[in-house]
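Below is one structure; the comments refer to it alone.
The values are calculated or read from the model by the stated rules, or taken from the named source; none is laboratory data. Everything quoted here is computed from the prediction, not taken from an experiment. Glycine also receives a Cβ, built like all others from the backbone with ideal geometry; neighbour counts cover every protein chain displayed.
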C-alpha cells in the first residue's frame, strides 16, 4: 500500500473543518457597558444547553444556560474592567466583549504630605485624591474634588479640582501661624480629613545676655521666636561656645519654655557666641 | 503483507504528524514571544518630574506585572502576584483566582502589544499612573479543556507605587477607550 496524498489531504480537510465548525463564533447580545453591581439580563438564541463564561482579570463567572432563555445577572459583576463573554453551545460559540464601569463615588483615598512642615512654605503641602465607588473601583468619570486647608486662626485655603483618570491633586501653602491645620478633601457628601502640623520656622534675632555668678558666667537667651512671632518649640537645641586663649568650650542646651540657659567658666576676655541650627546669635566679649 | 500495510499507514500518517508538530511549534513560539512595547514620551506627567531611570523602572515593572498576572491566572496561584502587585490590585486578582479555582476554570492571557502613556506622577513621588492600550489573547479552559479564545484590544489604567526594590501595581483596571 502506497501513500496516497489525496486521502491524506481529505482527512486533514475534515479535521480542519470540524475544528472550524467547533470554533465557529457568532456575536452574543451583551450590552457594551454595564454599571458595577447592576442587575441586567441577556437574551440567547437557539436551543439546548450551553455554558456561559465571563472572564477578565477582575472576575470570572461560569453559568449553565438553557439556550433560548434569558440569562439573568443579579449584581454579580462588581469589578470594573473589560470582560470577554463566551456562550459555548453544542453547535457554536457566541462571543462578546463588554465593560463594567464604576458606579457613583463612595470612598476617597486621600494622601496628604508632609504631616509636619515649617510655616510659610510655598506649595509645601500636597494632597492627592483617588475616587472609588462602593466596590472599590476607580471612578473614571471626571468628578469635582474640593480641598480645604484651615486652622483655628486665619482664612482657609480652598481649591476645587476635577479628577482626571480618577485622580485629583493640589498643592497648597502652609500658614504663617504655627499650629495644627485640618486638610479636608470632599466629593459631594464624602469627606476625608488629615491633620498637618505647621511648625515655626528658623528662629529670628537669637540674642543672649550674660551675668557673673561666682566663678561662672550665667548665659540666657531671650525667648526664641521665628520671624512671624511664633514661639520656637521646646527641645530645639541652642549651642553656646566660649573661646579663650585658643581653647574652646561648647555646651548644647535644649530650649525650655522658649529660653535656653547655661553656665560657662568666667574667663576674663573670653568670647562667647550662641547659635541654633543655621542661625547665629550675638557675640559677647566677657569682662567680669 | 501486514508489514506493507503498516508501512503504508505510517507513510500516510507521517505528513499529519509533521504538520501537527509544525503547528504545535508555531503555537509554542507565539506563546514565548515578547509583546511589542511602545512608550510615549512622558513630557507632562503632572506635578513632579519623572526621571528617565524612574520611567524605565516603572515600565519594566509594569510589563513584569503582566507576566505575573498571566502565570497566576493560568496556574490559579495567587502567590505569583506577590512580586508585582500590592494593595487593591492584588486583592482583586486574588479574588479572581479564587473564583476560577471554585469554578474549575483557568484563563490564559497572552499580551501581544502595549502602547503605554505615563500620565501622572504624584507630587510626593508615591504613585505613578499610566494608560496602556493593550492587545492580548485570552483563552478559557474549563477543567483543562479549551473552551474559547478571543483577541482583545482595550485600555488599562494602572497606578504603581514604590516598594523597597521595585514598583508594584496598586490599581489595575481596564477602562473603556
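Of everything in region A:138-167 that is at the interface with another protein chain (Cβ under 10 Å from one of its Cβ atoms) and not in a loop (DSSP other than H, G, I, E, B), the residue that is farthest from residue B:172 (Cα to Cα) is A:164.
May I ask you to list the residues in region A:58-75 that are more than 27 Å from residue A:188 (Cβ to Cβ) and either more than 9 Å from chain B (Cβ to nearest Cβ) or modelled with pLDDT under 95 (or both)? Listed by number, the residues that qualify are A:63, A:64, A:65, A:66, A:67, A:68, A:69, A:70, A:71, A:72, A:73, A:74.
Looking at region A:94-111, is at least one residue in contact with a helix residue (DSSP H, G or I) (Cβ under 8 Å, 6 or more places away or on another chain), at pLDDT 95 or above and part of a loop (DSSP other than H, G, I, E, B)? Steps first, answer last, please.
Narrowing region A:94-111 to residues in contact with a helix residue (DSSP H, G or I) (Cβ under 8 Å, 6 or more places away or on another chain): none.
Within region A:94-111 (the criterion being in contact with a helix residue (DSSP H, G or I) (Cβ under 8 Å, 6 or more places away or on another chain), at pLDDT 95 or above and part of a loop (DSSP other than H, G, I, E, B)), the answer is no, since none of the residues qualifies.
Can we say residue A:85 is in contact with a helix residue (DSSP H, G or I) (Cβ under 8 Å, 6 or more places away or on another chain) and either outside the structural domain of residue A:184 (by TED's automatic domain parsing) or without any contact (Cβ under 8 Å) to a residue 24 or more places away in the chain (or both)? Let's see the steps before the verdict.
Details: in contact with a helix residue (DSSP H, G or I) (Cβ under 8 Å, 6 or more places away or on another chain): no; either outside the structural domain of residue A:184 (by TED's automatic domain parsing) or without any contact (Cβ under 8 Å) to a residue 24 or more places away in the chain (or both): yes.
For residue A:85, the condition - in contact with a helix residue (DSSP H, G or I) (Cβ under 8 Å, 6 or more places away or on another chain) and either outside the structural domain of residue A:184 (by TED's automatic domain parsing) or without any contact (Cβ under 8 Å) to a residue 24 or more places away in the chain (or both) - is not met.
Among the residues of region A:162-219, those that are surrounded by fewer than 20 Cβ atoms within 10 Å (Cβ to Cβ) and under 21 Å from residue A:133 (Cα atoms) comprise A:162, A:164, A:165, A:184, A:186, A:188, A:189, A:190, A:191, A:192, A:193, A:194. Total residues in region B:142-177 satisfying the condition of being in a strand (DSSP E or B), more than 9 Å from chain A (Cβ to nearest Cβ), more than 16 Å from the chain's Cα centre (by Cα) and farther than 15 Å from residue B:84 by Cα: the figure is 2.
Tell me, which residue of region B:85-140 that is assigned to a helix (DSSP H, G or I) and under 28 Å from residue B:49 (Cα atoms) is farthest from the other protein chains (Cβ to nearest Cβ)?
Here is the first cut: in region B:85-140, the ones assigned to a helix (DSSP H, G or I) are B:87-103.
Now narrow it down to the ones that are under 28 Å from residue B:49 (Cα atoms): B:87-90.
Working: B:87: 10, B:88: 6, B:89: 9, B:90: 12 Å.
Here the answer is B:90.
Just one of the numbered conditions (1) surrounded by 19 or more Cβ atoms within 10 Å (Cβ to Cβ); (2) under 19 Å from the mean Cα position of the chain (by Cα); (3) in contact (Cβ under 8 Å) with a residue 40 or more places away in the chain is not true of residue A:146: (1).
Among the residues of region A:105-126, some residue qualifies, meaning at least one is in contact with a strand residue (DSSP E or B) (Cβ under 6 Å, 6 or more places away or on another chain) and exposed (fewer than 15 other Cβ atoms within 10 Å of the Cβ). Looking only at region A:202-218, decide whether some residue is within 33 Å of the chain's Cα centre (by Cα) and closer than 30 Å to residue A:148 by Cα. Yes, region A:202-218 contains at least one residue that is within 33 Å of the chain's Cα centre (by Cα) and closer than 30 Å to residue A:148 by Cα.
Scanning region A:1-55 for residues that are modelled with pLDDT of 65 or more, part of a loop (DSSP other than H, G, I, E, B) and within 13 Å of chain B (Cβ to nearest Cβ) turns up A:28, A:30, A:31, A:32, A:36. The set of residues in region A:224-254 being modelled with pLDDT of 95 or more and either part of a loop (DSSP other than H, G, I, E, B) or within 29 Å of residue A:156 (Cα to Cα) (or both) is empty. Answer with yes or no whether residue B:101 is assigned by TED's automatic domain parsing to the domain that holds residue B:64, out of contact with any strand residue (DSSP E or B) (no Cβ under 9 Å at 6 or more places or on another chain) and surrounded by fewer than 16 Cβ atoms within 10 Å (Cβ to Cβ). Yes, satisfied.
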